[in-house]
Every structure is written in C-alpha cells, then in structure tokens.
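The values are calculated or read from the model by the stated rules, or taken from the named source; none is laboratory data. Please read all numbers here as calculations on a predicted model, not as lab measurements. So basically every Cβ, Gly included, is an ideal-geometry build from the backbone, and we count neighbours across all protein chains shown.
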Amino acid sequence: MKKKDFLTISNKKYKSRLIVGTGKYKNFEECAKCVELSGAEIVTVAVRRVNIQDKRKPLLMDYINPKKITYLPNTAGCFNSIEALRTLRLAREIGGWKLVKLEVLGDKKTLFPDMIETLKSTEVLSKEGFQVMVYCNDDPLMAKRLENVGAAAIMPLAAPIGSGLGILNETNIKIIRSRTKLPLIIDAGLGQSSDAAIAMELGCDGVLINTAIAKAKDPLKMAEGMKYSVIAGRYSYLAGRINQITFGKRSTSNKGII
C-alpha cells in the first residue's frame, strides 16, 4: 500500500501542502472558490484586515468554513513586537486559535521582516502556548535561532512580498532545509505555478501563496494550477533527480548493437 504523504504541523496532518492567503481578492466569493480549487486545507487570515467578527458586514466564515478549513491568523501589517503580540492574543480570545502565523515587518517599502522583533515575539508566543509559524528572511542562522526559541514552522520569503519574482536564493533555502527538522514553507514572492514546483523540488514542505493567485488574470485557473504544481514538485523531490553532468550520456547501452 502506498504510504500517505502528509504535511504535519504541530502534530496535525494535512493532505495539501499548499496554504492560501485570503487577502486581495475581488470578494469573498472569489476567495472561497480559489481556496476550493487549490485544494488548500489551511488559509491565512489577517486579523487586522479581514472581517471575522463584525456581523454587520460580510464574514469570511460565511464563505470558508473554519470547521473544514484551518484558519491561520496572522499579524500582517504589524511593525513591532507589541503590535504582533496584541494581535495574536486577540485572535486567541476571538476564536481560540493557537496555531498562528507571525509576521513582523521592518519597513513599509520593502516589507522585509524585522528579524530582531520577530525572534523576540516568537520566544514570547511559544512560552504562552502558541504554535508559531514564522515569516522570516532566508538566513539559515536566523532560521536555526527561530527553531531554538520554539517556532513550529520556518517560513522564509522567496522574494519580497507580492513581488512575483520567484525564489531568488535557492542555495539558502537548501541550507535551511538541511539544518532544520521543522516544516519549511516558502512564504512570499512566488509568481507562477513553476515557482511553487521549484520550491517543492528544493525540499520545502509547502508553500504559502496569496498575491500570485488573487491578482492573476484568472485567479481560479491559477489556484488550480498551483495545486498541481505543488503536487508535481513534491513528487519530483521524493523521486530524486538524476545527477547533473556536463556532456550528453546515451540512454541505451552499446551492448548488442547491430
């Protein structure tokens, strides 16, 4: 029997290795359809931006059932530890969420993570019982420090948030993969389905995608395309690529040639 291949985060197993963001869509209907087509079982929810509480306005929960899809509250828009901690504590009070995504940005121009504030916040949240999936830069040393202070998953950027540039530093991602036992999930910067496949071929456990789907010319097609690219990339990684060589090598033997 074929062994099941799950993404495991904080002892919970998921069939899909694609995580989808819920921002930037035209409306909740489009968002929900993209989530369905992507096959994602986890969606990120910006606690400060997405309506999950005000019943006078459309609620995300009316479109994406939190009993079927895991909500991952995140701290999008937070620029220091105080804001991030307050946001995630609020999320726990609202919905009891302990599995969270931490994102502490350094400045509004680059949207790169402030790793000093991120590291500090991760340690505090871990001690408070949160399972923290951490948006970070692609620095292998910092990734290891996040693991040491209790992170539940390492989520390095591929490129600046929303840039669509793809993975700019494959070497660092490989090094992080070799040095951490935590789930490694690419977060930010992917632009098309081939980027997701490459991330998976590098050994990542999953990818988180928002802008590349929500702002595609056809978000529904892109959502489904990402689904199959993640699967293909994972299969390729598990299969093991052939060795790279400089010159050609025939695929058939000279033995018995006529």
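Here are a few things to note about the model shown:
- Test: GLY164 is surrounded by fewer than 19 Cβ atoms within 10 Å (Cβ to Cβ) and under 19 Å from LEU208 (Cβ atoms): yes
- Residue, farthest from MET133 (Cα to Cα), within the stretch 93-110, restricted to residues that are in contact with a strand residue (DSSP E or B) (Cβ under 9 Å, 6 or more places away or on another chain) and modelled with pLDDT under 90: ILE94
Residue-by-condition table, conditions (1) of a type in the set (Phe, Trp, Tyr); (2) surrounded by fewer than 23 Cβ atoms within 10 Å (Cβ to Cβ):
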position: ILE69; (1), (2): no, yes
position: ASN74; (1), (2): no, no
position: LYS98; (1), (2): no, yes
position: GLU103; (1), (2): no, no
position: PHE112; (1), (2): yes, yes
position: GLN131; (1), (2): no, yes
position: LEU168; (1), (2): no, yes
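- Restricting the stretch 138-156 to residues that are assigned to a loop (DSSP other than H, G, I, E, B) and more than 13 Å from the chain's Cα centre (by Cα) leaves a set whose member that is nearest to LEU208 (Cα to Cα) is ASP138.
- From the list GLY189, GLY240, GLY225, the lone residue that is farther than 22 Å from PRO113 by Cα and touching a residue at least 12 places away in the same chain (Cβ under 8 Å) is GLY225.
- Matching residues, the stretch 94-123, being under 20 Å from PRO160 (Cβ atoms), touching a Phe, Trp or Tyr at 6+ places or on another chain (Cβ under 7 Å) and not in a loop (DSSP other than H, G, I, E, B): LYS101, LEU102, LEU105, PRO113
- The listed residue being without any contact (Cβ under 8 Å) to a residue 60 or more places away in the chain and touching a Cys at 6+ places or on another chain (Cβ under 8 Å), out of PRO113, PRO66: PRO113
- Only one of the numbered conditions (1) under 23 Å from THR180 (Cα atoms); (2) surrounded by fewer than 22 Cβ atoms within 10 Å (Cβ to Cβ); (3) hydrophobic (A, V, I, L, M, F, W, C); (4) in contact with a Pro (Cβ under 9 Å, 6 or more places away or on another chain) is violated by CYS136, and that is (2).
- Residues (more than 22 Å from ALA76 (Cα to Cα), surrounded by 22 or more Cβ atoms within 10 Å (Cβ to Cβ) and in contact with a Gly (Cβ under 7 Å, 6 or more places away or on another chain)) located in the stretch 199-214: ALA199, MET200
- Of the residues screened, LYS4 is not one that is out of contact with any strand residue (DSSP E or B) (no Cβ under 9 Å at 6 or more places or on another chain), in a loop (DSSP other than H, G, I, E, B) and surrounded by fewer than 20 Cβ atoms within 10 Å (Cβ to Cβ).
One line per residue, one yes/no per condition, for (1) closer than 13 Å to LEU18 by Cα; (2) modelled with pLDDT of 95 or more; (3) in a helix (DSSP H, G or I):
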{"site": "SER163", "(1), (2), (3)": "no, no, no"}
{"site": "ILE185", "(1), (2), (3)": "yes, yes, no"}
{"site": "ASP195", "(1), (2), (3)": "yes, yes, yes"}
{"site": "ILE198", "(1), (2), (3)": "no, yes, yes"}
{"site": "CYS204", "(1), (2), (3)": "yes, yes, no"}
{"site": "ILE213", "(1), (2), (3)": "yes, yes, yes"}
{"site": "MET222", "(1), (2), (3)": "yes, yes, yes"}
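The rows are residues; the columns are (1) in contact with a helix residue (DSSP H, G or I) (Cβ under 8 Å, 6 or more places away or on another chain); (2) acidic (Asp, Glu); (3) more than 20 Å from LEU99 (Cβ to Cβ).
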residue: ILE9; (1), (2), (3): no, no, no
residue: TYR14; (1), (2), (3): no, no, no
residue: ARG17; (1), (2), (3): yes, no, no
residue: THR22; (1), (2), (3): yes, no, no
residue: LYS33; (1), (2), (3): yes, no, yes
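- Filter pass, ALA91 being of a type in the set (A, V, I, L, M), assigned to a loop (DSSP other than H, G, I, E, B) and either touching a residue at least 12 places away in the same chain (Cβ under 8 Å) or farther than 23 Å from GLY150 by Cβ (or both): no
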